[in-house]
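Below you'll find the structure, written out as structure tokens, and then a few comments.
The values are calculated or read from the model by the stated rules, or taken from the named source; none is laboratory data. Predicted model only: the values in this text are computed from it and were never measured. Every residue, glycine as well, gets a Cβ built from its backbone with ideal geometry; the counts of neighbours run over all protein chains shown. Only protein heavy atoms, including side chains, enter the accessible area calculation; ligands, DNA and RNA are left aside. Shrake-Rupley method; radii C 1.70, N 1.55, O 1.52, S 1.80 Å.
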Amino acid sequence: MRPGAVASRSLGGSRAAGEERALTSVVAGEMYEAEEPQDLPRLWHVTLSVSGGEAPLKEVRRGLEQLAHDHPFLLTSRYANDHAEIRYWEEARDLHDAAAVALRLWGEHRQTAKLPPWEIVGLEVIDRETYHQRIAEGYGPLPATPVGVHPF
């Protein structure tokens, strides 16, 4: 190697500095030949759980109410002074897209809604059919009634 040159190591061996590495995408699952691509948006039921250090209940409630105003599909939020659970419907092409939006929700709205600096500690994303099946069988989260922001 010439003086000052930098080599980088990858799974495929080494390459010289400045040499481009081809990027490849990873497919979430293989499709059967008979299946049609499903690029149409679907509804996903999202439950996002966050927690962290204690915060005044009034501030937590006000922040969640602002989040509900900013995110129109928010169904219900339950909160305490050190954790909260947010449930809503997300329209997305697939589970990966719905989960990606959910994982950004708290951080992206933390400043504007003045939410506590809590971290995401749980995420459940299920399709509409699974949600309704769970309700019909008597388990899973009850339908979000009353809608709104409520203490635990």
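A few points about this structure:
- Segment 72-152: equivalent-ellipsoid semi-axes (sqrt of 5 x gyration tensor eigenvalues, Cα, Å): 22, 17, 11
- A 1.4 Å probe run over the protein chains yields, for segment 79-136, 55 Å² of accessible area per residue, whole-number rounding.
- Across the accessible surface of segment 82-142, with the other protein chains kept in place and a 1.4 Å probe, carbon and sulfur atoms take up 49 percent.
- Local electrostatic count at residue 91 - Lys and Arg +1, Asp and Glu -1, tallied over other residues with Cβ under 11 Å: +1
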